[in-house]
1. Net charge around residue 24, counting only other residues with Cβ within less than 14 Å of its Cβ (Lys, Arg = +1; Asp, Glu = -1)?
2. So, R0 is 41 Å and r is the distance between the beta-carbons of residue 106 and residue 136; what FRET efficiency does that work out to, to 0.05?
3. Roughly how big is the chain's charge dipole about its Cα centre, with Cβ charges of +1 (Lys, Arg) and -1 (Asp, Glu), in debye to the nearest 20?
4. Which value in nm describes the separation of the simple spin-label points at residue 85 and residue 31, placed 7 Å from the Cα toward the beta carbon?
5. Per residue and in cubic angstrom, what volume does the convex hull of the Cα atoms of region 77-117 have?
6. Cβ under 13 Å from residue 39's Cβ, residue 39 left aside: what net charge do those residues give with Lys, Arg +1 and Asp, Glu -1?
7. Quick one, which of (i) 261; (ii) 134; (iii) 125 is the actual volume of the Cα convex hull per residue in Å³ calculated for this model?
8. Hand me the tally of lysine pairs in the chain: alpha carbons under 28 angstrom apart, and the pair either on different chains or 8 or more positions apart.
Amino acid sequence: MTPKPDPSDMEDPEKAIPRDMAWIEIYEHTLSKGLQGGSTVGTFVGLPYALYKGPRALPNILGKTGRAALLGGAIGLSLMAPVTYLALKDQDDYAMFDRAYRLRHNLLQQRCNQFGAFSCCVFAAIAPFIKIPGVTLMWRIGYGSYLGTAVGVAVHVATAGMVKEE
């Protein structure tokens, strides 16, 4: 279970999270969740579409699904910035500290980010070796990284029940 901060922790120099730093940590969290959520939704919407439409060869399926993941991730990322600003603009110092403290100490949240980042890197490294018709190298790397993020999040969700949070 995520620990709840004590109001006295704001005064403790080792546990304190200044408002500016809390703002950055919360933005980092919400933007990464927008990217992860958007690419996951894009992947799971794009995959059936890719199987239904066009040739069912693996490069074509990966191309259509990768494009959907990239589009979903871009939409999720661009929506989260203004939403986060609107949610945080009227928060007091303790509310900002509380949220940043909980994000910093949530093990499942850290695990989700690690799975997403690791699989993003793996898929981006593999993507240049898959030839997708009409798609340049840079786009293949982008497709691969967003597909990898979605796969990492899906693996995290599928295996999260096996992890006991302390």
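Rule-based calculations on the coordinates, nothing more; no lab input. Keep in mind that this is a model prediction, so the values were computed, not measured. Glycine gets a Cβ as well: all are built from the backbone with ideal geometry, and neighbour counts include every protein chain shown.
1. Here the charged neighbours net out to 0.
2. The computed FRET efficiency comes out at 0.60.
3. On the way: 16 positive and 14 negative charges, 287 e Å.
Dipole about the Cα centre, nearest 20: 1380 debye.
4. 1.3 nm
5. Values: hull volume 2.9 nm³, N = 41.
Once divided by residue count, the hull of region 77-117 is 71 Å³.
6. On the way: positive: 33, 67; negative: none.
Once all neighbours under 13 Å are counted, the net charge is +2.
7. (iii)
8. Close lysine pairs under the 28 Å cut-off: 13.
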